[in-house]
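A.B. asks: For reference, the structure I am asking about is given below.
The values are calculated or read from the model by the stated rules, or taken from the named source; none is laboratory data. Just so it is clear, the structure is predicted and the values come from calculations on it, not from any experiment. All accessible areas refer to the heavy atoms of the entire protein, side chains included, with ligands and DNA or RNA removed. Shrake-Rupley method; radii C 1.70, N 1.55, O 1.52, S 1.80 Å.
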Amino acid sequence: MEQWAQGRMMLATNAIQQGTEKFVSLTKKYPTFASRAFIAQNNNILRQIDWTLYSKLMQSTNDVSVK
């Protein structure tokens, strides 16, 4: 929960890239985090996430795991 709050605070203070990277990091570390933390584009609380960057970073994770 503390790490989620840190990521949220980053987004709230306009540290968009760092906040987005924080949520990607949490999702990679805890695979069920995205669904449990409601990380989705339609989530008003996390609207500042750079969804293009989020998708790109998550895709790079998936590409590595396939190889």
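A.B. asks: Pick the calculated percent of Cα pairs over 14 Å apart for this structure from (i) 55; (ii) 71; (iii) 59?
C.D. replies: Matching entry in (i) 55; (ii) 71; (iii) 59: (i).
A.B. asks: Quick check: at a probe of 1.4 Å, how many percent of the accessible area of the chain sits on carbon and sulfur atoms? Mind showing how you got there, number by number?
C.D. replies: Working: 2610 of 4740 Å².
That share works out to 55 percent.
A.B. asks: Per residue, how much accessible area does segment 1-61 have with a 1.4 Å probe, in Å²?
C.D. replies: Values: 4070 Å² over 61 residues.
The answer is 67 Å² per residue.
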